[in-house]
Amino acid sequence: QVQVLESGGGSVQAGGSLRLSCLASGSIWGINRMAWYRQAPGKERELVAQIDTGNDADYAESVKGRFTISRDNAKNTVYLEMNSLKPDDTAVYYCNVQTSPFYKDYWGQGTQVTVSS
């Protein structure tokens, strides 16, 4: 059993910054991809950023240059540094962890990020 727990959400004014953290724990042999998704009210869940075992990262166009994803393999943790936040970034942010060797995905419960104008 694997548990995924996000933290670091909150409310901030436009232009501000937040740092999200996600810890994977439990019966983990290894972790492949780690990613952040978000879902705004009335919208589908979308990929924000992902990072692989080689630390290659991909970002949604809407967050490029503002968000940075990173991981600490020793701690089974992934981070999302969010700068220059906009009201459109308001959403519930979910962490996704893909474990090895069977490429199974696990999700956290989500953390709310609210950006006011």
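Beta carbons closer than 9 Å, at least 6 apart along the sequence or on distinct chains, pair a first residue in region 87-110 that is in contact (Cβ under 8 Å) with a residue 24 or more places away in the chain with a second that is in a helix (DSSP H, G or I) for ASP88/SER62; ASP89/SER62; ASP89/VAL63. Within region 22-31, restricting attention to residues that are open to solvent by 30 Å² or more (accessible area, probe 1.4 Å) and in a strand (DSSP E or B), the residue that is farthest from TYR94 (Cα to Cα) is GLY26.
Within region 100-117, the residues that satisfy the criterion of being modelled with pLDDT of 95 or more and in contact with a Gly (Cβ under 7 Å, 6 or more places away or on another chain) are THR111, GLN112, VAL113.
Picking from residues in region 32-54 that are in contact with a helix residue (DSSP H, G or I) (Cβ under 9 Å, 6 or more places away or on another chain) and open to solvent by 50 Å² or more (accessible area, probe 1.4 Å), the one that is modelled with the lowest pLDDT is THR53. Scanning region 74-98 for residues that are closer than 13 Å to PRO41 by Cα and either of a type in the set (Gly, Ala, Ser) or touching a Gly at 6+ places or on another chain (Cβ under 8 Å) (or both) yields a total of 3. What number of residues in region 73-89 are more than 22 Å from ASP56 (Cβ to Cβ) and surrounded by 19 or more Cβ atoms within 10 Å (Cβ to Cβ)? Of the residues in region 73-89, 2 are more than 22 Å from ASP56 (Cβ to Cβ) and surrounded by 19 or more Cβ atoms within 10 Å (Cβ to Cβ). So, of the residues in region 46-62 that are in a loop (DSSP other than H, G, I, E, B) and of a type in the set (Gly, Ala, Ser), which turns out to be farthest from the chain's Cα centre (by Cα)? Ranking the candidates gives GLY54 first. All conditions but one from (1) in contact with a Leu (Cβ under 9 Å, 6 or more places away or on another chain); (2) open to solvent by less than 40 Å² (accessible area, probe 1.4 Å) apply to SER70; the one that does not is (2).
The values are calculated or read from the model by the stated rules, or taken from the named source; none is laboratory data. Please read all numbers here as calculations on a predicted model, not as lab measurements. In this analysis, Cβ positions are derived from the backbone assuming ideal geometry, glycine residues included, and neighbour counts consider all displayed protein chains. Ligands, DNA and RNA are stripped out before the accessible areas are found, and what is left, the full protein with its side chains, is counted by its heavy atoms. Shrake-Rupley method; radii C 1.70, N 1.55, O 1.52, S 1.80 Å.
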